[in-house]
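*Asks:* Shown below is the structure under consideration.
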Amino acid sequence: MIDGLTPAVFFIVGALLLPFLREMPRKILTLLVPVLGLVHLFLVNPLDQGILQFFDYSIVTLRIDTLSLVFATIFHIAAFVVALYSLHVRDTMQHVAMLVTAGAAIGAALAGDLITLFVFWEVTAVATVFLIWARRTEHAYAAGMRYLIIQMGSGLLLLFGTILLARETGSVEFSQMQLGSVATWAIFLGFGIKCAFPLLHNWLQDAYPEATVTGTVALGSFTTKLAIYALARGFAGESLLIPIGAVMTAFPIFYAVIENDLRRVLAYSLNNQLGYMVVGIGLGTEMAINGAVAHAVNNILFKGLLFMSVGAVLLRTGTAKGSELGGLYKSMPWTTGFCLVGAASISAFPLFAGFVSKGMILAATAEEGHWIVWLVLLFGSAGVFHHSGIKIPYFAFFAHDSGIRCREAPMNMLWAMGIMSVLCILIGVFPGLLYGMLPYPVTFIPYTLDHVVTQMQLLLFSALAFTLLMRTGIYPPELRSTNLDTDWFYRRLIPVCTGFFERLRDAVGVKTVAAGKFLVQRAIGLIYHAHGPHGVLARTAPISITVLWVAVLLAATLFLYYL
């Protein structure tokens with residue numbers, strides 16, 4: 001292995017080779033690249049940072065420490081599973097885009113400076129948009145354009161902040177920063193856009209459901225988790241992140257409950273889960289950072305598993321609308337089982353992955369005395385079980401029988417979902433496997449009587465609430481509709497404003513043209529009156545009159561001159 005070489009190179013080179021290979025070699029290479037990258041990651045010398053000189057700045061292409069290592073490792077695992085999940089896809093562009101996306105996320109996680117981070121940050125934006133456009137629908141093209149504009153805007157803020165920071169400090173090192181200057185605020189907002197902060201979040205719900213079946217899994221695994229890593233590296237302990245994260249955990253619940261598209265439900269649920277990580281990063285204690293990182297790792301696993309199961313349903317039935325599904329456990333029993341594992345994991349059931357990471361964030365929040373935030377996080381825990389733990393499997397596989405009979409998911413999809421399920425259960429049963437990779441020593445013990453009882457009470461009452469709402473008919477029905485979020489601004493407000501200005505322009509334009517035509521016609525009439533065949537200036541006159549007028553004008557000129 002070459003010291004100082006970032007594993008991202010394996011992914012970029014592999015992506016460049018894919019278009020020139022036949023189907024079977026292409027599949028082998030797609031699976032082999034993440035394996036080679038992971039082997040290289042653990043064999044390379046951590047002390048060799050791959051430093052390059054760029055003018056007066058040091059470019060660090062490979063920085064391996066406990067924080068970067070855990071993210072780079074889970075990104076490699078996710079890249080392999082996503083590659084396996086998409087083996088049946090014959091669209092080479094999707095495979096290329098997925099490899100580039102995974103490689104760029106890994107390269108950014110291992111970047112030691114802001115310039116390298118910016119380069120890989122923008123590569124992820126460009127590569128992921130092809131996973132949306134690959135669906136080749138009008139809606140996907142429009143959503144991809146909006147997604148690209150927002151993601152490029154995030155990168156421009158990062159670049160702007162990097163330039164200002166370099167001028168202020170003379171360094172582009174990617175390390176802990178403090179809000180207080182234009183540079184750090186620009187970088188913070190750039191990270192916040194990709195992390196889907198409140199009011200900056202709707203690109204997630206807009207783009208993810210429009211991506212391809214396999215593309216959505218890749219988007220959910222890399223894009224926002226890269227932003228979580230960036231916040232943990234650059235703004236750990238920033239108190240502003242605590243209220244931001246609390247809002248992120250709460251508001252998506254209300255949208256997820258009334259949403260009909262199950263992939264949009266999962267997108268809102270992803271926003272909810274990111275809130276826990278943001279709160280942990282904002283707290284900044286060792287336990288909180290460990291909890292945020294652990295939850296990011298687990299979220300890639302169980303959220304990826306849920307996106308995979310709903311994607312398999314979409315592949316086989318052609319729809320992900322809750323109002324059109326139901327009874328699929330008869331046709332897709334394996335997918336149903338894997339979806340239940342993902343639902344239990346995201347709901348933080350004991351012995352599943354989410355329990356051992358979410359509990360750490362809740363404990364750190366209570367330990368620091370943020371009781372209101374702690375209550376909000378508890379509310380978010382109940383809500384996520386409500387809409388992801390129950391709603392997703394219930395409306396997709398159970399509920400009313402839609403009458404759809406289809407084949408089980410392709411074998412490669414089942415293997416990918418099986419790997420994710422095993423990892424979710426393995427981490428839940430043996431949390432030390434994950435705790436040993438975290439940035440700080442772990443003293444938190446998840447399986448204590450009060451932790452288990454508290455969480456089971458929360459889940460029990462949430463399940464009871466769902467049951468009562470369904471039995472009484474109060475639960476919002478699955479409607480064939482589009483719920484408006486902050487996209488109201490560009491779906492409703494902007495069209496209304498542009499329509500008003502277009503009508504105003506048309507009205508003013510019509511009146512202006514009419515007035516202009518009137519003035520032109522009036523001027524032509526006056527000219528014709530003076531110079532026409534019968535006009536005043538066209539008439540003949542005796543010479544005596546002409547002489548008289550000349551004399552009058554001469555007299556007037558002399559009078560004015562001597563006056």
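The values are calculated or read from the model by the stated rules, or taken from the named source; none is laboratory data. Because the structure is a prediction, the values reported are computed rather than measured. Positions of Cβ are backbone-derived with ideal geometry, glycine not excepted, and every protein chain shown enters the neighbour counts.
Quick grid of which residues meet (1) in contact with a strand residue (DSSP E or B) (Cβ under 8 Å, 6 or more places away or on another chain); (2) under 17 Å from F461 (Cβ atoms):
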{"site": "A320", "(1), (2)": "yes, no"}
{"site": "G369", "(1), (2)": "no, no"}
{"site": "L377", "(1), (2)": "no, yes"}
{"site": "D401", "(1), (2)": "no, no"}
{"site": "N412", "(1), (2)": "no, no"}
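*Asks:* Does at least one position in the range 172-194 carry a residue that is at pLDDT 90 or above, under 13 Å from the mean Cα position of the chain (by Cα) and surrounded by fewer than 19 Cβ atoms within 10 Å (Cβ to Cβ)?
*Replies:* No, the conditions are met nowhere in the range 172-194.
*Asks:* Among (1) modelled with pLDDT of 95 or more; (2) within 17 Å of the chain's Cα centre (by Cα), there is one condition M145 misses while meeting the rest; what is its number?
*Replies:* Evaluating M145 over (1) modelled with pLDDT of 95 or more; (2) within 17 Å of the chain's Cα centre (by Cα) leaves (1) as the failure.
*Asks:* Same structure, new question: Out of R26, R63, report the one residue that is assigned to a loop (DSSP other than H, G, I, E, B), charged (D, E, K, R) and surrounded by 15 or more Cβ atoms within 10 Å (Cβ to Cβ).
*Replies:* Details: R26 fails: assigned to a loop (DSSP other than H, G, I, E, B).
It is R63.
*Asks:* Is it true that T482 is at pLDDT 70 or above and either under 20 Å from A256 (Cβ atoms) or not assigned by TED's automatic domain parsing to the domain that holds G389 (or both)? Before the answer, list the steps.
*Replies:* Numbers: at pLDDT 70 or above: no; either under 20 Å from A256 (Cβ atoms) or not assigned by TED's automatic domain parsing to the domain that holds G389 (or both): yes.
Spelling it out, it is not the case that T482 is at pLDDT 70 or above and either under 20 Å from A256 (Cβ atoms) or not assigned by TED's automatic domain parsing to the domain that holds G389 (or both).
*Asks:* Which members of the range 272-300 meet the condition of being surrounded by 24 or more Cβ atoms within 10 Å (Cβ to Cβ) and small (G, A, S)?
*Replies:* Matches in the range 272-300: G275, G280, G282, A288, G291, A292, A294, A296.
*Asks:* Further, regarding this structure: State whether the residues of the range 370-385 include one that is of a type outside the set (K, R), under 18 Å from L305 (Cα atoms) and crowded, with 22+ Cβ neighbours inside 10 Å.
*Replies:* First pass over the range 370-385, keeping only residues of a type outside the set (K, R): 370-385.
Filter once more, so that each one left must be under 18 Å from L305 (Cα atoms): 384-385.
Now restrict to residues that are crowded, with 22+ Cβ neighbours inside 10 Å: 384-385.
Yes - at least one qualifying residue is present in the range 370-385.
*Asks:* Can you find, within the range 328-340, the residue that is farthest from V453 (Cα to Cα) among those that are within 29 Å of the chain's Cα centre (by Cα) and buried (at least 24 other Cβ atoms within 10 Å of the Cβ)?
*Replies:* The qualifying residue farthest from V453 (Cα to Cα) is T335.
*Asks:* Among the numbered criteria (1) modelled with pLDDT of 95 or more; (2) on the phi > 0 side of the Ramachandran plot, which one does V293 miss?
*Replies:* Status for V293: all satisfied but (2).
*Asks:* Look at V257 and say whether it is touching a residue at least 24 places away in the same chain (Cβ under 8 Å), buried (at least 24 other Cβ atoms within 10 Å of the Cβ) and either among the aliphatic types (A, V, I, L, M) or assigned by TED's automatic domain parsing to the domain that holds F197 (or both).
*Replies:* Details: touching a residue at least 24 places away in the same chain (Cβ under 8 Å): yes; buried (at least 24 other Cβ atoms within 10 Å of the Cβ): no; either among the aliphatic types (A, V, I, L, M) or assigned by TED's automatic domain parsing to the domain that holds F197 (or both): yes.
Judged against the criteria, V257 is not a match.
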